[in-house]
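Asker: Take a look at the following structure, please.
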Amino acid sequence: MESRTNKKFNSPKKEAPREEYAVVLDVYSPSQFKDEMNVQAIGTTLFTLLELAPKPGITIKMGDKVYIGDGKRDEIQFIKRAIWPDKLTPDANAELEYVIYDIVKEKEEQFVSFFNNIGAITIRKHALELIPGV
């Protein structure tokens, strides 16, 4: 008996998109007794909230755009983890809305194109109905 295979599911896996740049929301020390600094940032492509470890001796300020891709990083040593919005510091939480506004304004053409070209999923349901708050 011949087994059925679906070529669609046996195709090589496509690598998920990754963040290349992030905008710094807050720079803080997790402990008053250590020299260690943490950076909370938001990715400019997928809007991923991240906790980053800056390189020693590097000064990073709120609002700075830092490279976090696979290449050589000048300011960031490594990405510690992705974080949930409730784990943001109060300063990062206050800055979040303004940074998102700036990112969207910078990539305005992409967002306008997305909303202009989005279509119906079915005859009765439009894709815009799946976006919360729309």
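Asker: From the list VAL27, VAL39, VAL23, which residue is surrounded by 14 or more Cβ atoms within 10 Å (Cβ to Cβ), within 11 Å of the chain's Cα centre (by Cα), over 12 Å from ALA82 (Cβ atoms) and not aromatic (Phe, Trp, Tyr)?
Answerer: Values: VAL27 fails: within 11 Å of the chain's Cα centre (by Cα); VAL39 fails: within 11 Å of the chain's Cα centre (by Cα).
After ruling out the rest, the residue left standing is VAL23.
Asker: Ok, one more. Sort out which residues of region 52-81 are of a type in the set (Val, Ile, Thr), in a strand (DSSP E or B) and loosely packed, with under 14 Cβ neighbours inside 10 Å, and write them in order of number. Before you say what the answer is, go through the steps one by one.
Answerer: Filtering region 52-81 for residues of a type in the set (Val, Ile, Thr) gives 58-60, 66, 68, 76, 79.
Those left that are additionally in a strand (DSSP E or B): 66, 76, 79.
Correct list: empty.
Asker: Tally time: how many residues in region 83-96 are under 16 Å from the mean Cα position of the chain (by Cα) and surrounded by 13 or more Cβ atoms within 10 Å (Cβ to Cβ)? Walk me through it before giving the result.
Answerer: Let us first name the residues in region 83-96 that are under 16 Å from the mean Cα position of the chain (by Cα), namely 83-88, 92-93, 95-96.
Subset that is surrounded by 13 or more Cβ atoms within 10 Å (Cβ to Cβ): 83, 87-88, 92-93, 95-96.
Looking only at that region, the number is 7.
Asker: So which residues in region 82-92 are without any contact (Cβ under 8 Å) to a residue 40 or more places away in the chain and either touching a Leu at 6+ places or on another chain (Cβ under 9 Å) or not in a helix (DSSP H, G or I) (or both), if there are any at all? Spell out the reasoning first.
Answerer: Step one: list which residues in region 82-92 are without any contact (Cβ under 8 Å) to a residue 40 or more places away in the chain, which gives 82, 84-87, 90.
The answer is ALA82, TRP84, PRO85, LYS87.
Since every read-out is calculated from the coordinates, none of them should be taken as a lab result. For clarity, every value in this text was computed on a predicted model and none was experimentally measured. Cβ atoms come from the backbone with ideal geometry, glycine included; neighbour counts cover every protein chain shown.
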